[in-house]
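Worksheet for the structure shown next.
The values are calculated or read from the model by the stated rules, or taken from the named source; none is laboratory data. The structure presented is a predicted model; accordingly, all values stated were derived computationally and were not measured. With ideal geometry, Cβ positions are generated from the backbone for all residues, glycine too; neighbour counts draw on all protein chains shown.
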Amino acid sequence: MDSSRQILVCQYTNCLRNGSAGVLAAFQGYSIPGAMVIGCGCQGQCNMGATVRVLPDDTWYCRVKSEDVRTIVEQHFKQGHPVTKLLHPRLHPHG
């Protein structure tokens, strides 16, 4: 499997409280060519959880809910445009 992109879904304490297990499961339910979905540990942004980081783009999504995953897949991975309303405001201040 080509895994040139990684979708890191935080599975640490605060993100888990904010539904990151469901976010991870939702991403795993999609076939995203060229991407690997990975449940990961804390990336230091759990106060904005659930947090999703896309590499190598270094795009950070925050407060992601499982119902947001379809929009991220369609818009970011299929159309090449990050989902502005979900971008982490501190890391993408001009989102």
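If you go through the range 38-66, how many residues are touching a Gly at 6+ places or on another chain (Cβ under 9 Å) and either of a type in the set (Lys, Arg) or farther than 14 Å from CYS15 by Cβ (or both)? The number of residues fulfilling the criteria is 2.
From the set of residues in the range 16-73 that are among the polar types (S, T, N, Q) and assigned to a loop (DSSP other than H, G, I, E, B), which is surrounded by the most Cβ atoms within 10 Å (Cβ to Cβ)?
First, pick out the residues of the range 16-73 that are among the polar types (S, T, N, Q): 18, 20, 28, 31, 43, 45, 47, 51, 59, 66, 71.
Now restrict to residues that are assigned to a loop (DSSP other than H, G, I, E, B): 18, 31, 43, 45, 51.
Details: ASN18: 21, SER31: 7, GLN43: 15, GLN45: 21, THR51: 27.
Only one residue fits best here, namely THR51.
Scanning the range 26-46 for residues that are at negative phi and out of contact with any helix residue (DSSP H, G or I) (no Cβ under 7 Å at 6 or more places or on another chain) turns up GLN28, GLY29, SER31, PRO33, MET36, ILE38, CYS40, GLY41, CYS42, GLN43, GLN45. Of the residues making up the range 1-15, those that are among the β-branched types (Val, Ile, Thr) and surrounded by 15 or more Cβ atoms within 10 Å (Cβ to Cβ) are ILE7, VAL9.
For the range 5-19, the criterion of being touching a strand residue (DSSP E or B) at 6+ places or on another chain (Cβ under 8 Å), farther than 17 Å from HIS88 by Cβ and of a type in the set (Lys, Arg) is satisfied by at least one residue.
Matching residues to (1) modelled with pLDDT of 95 or more; (2) of a type in the set (Gly, Ala, Ser):
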position	(1), (2)
ALA26	yes, yes
PRO33	no, no
THR59	yes, no
ASP68	yes, no
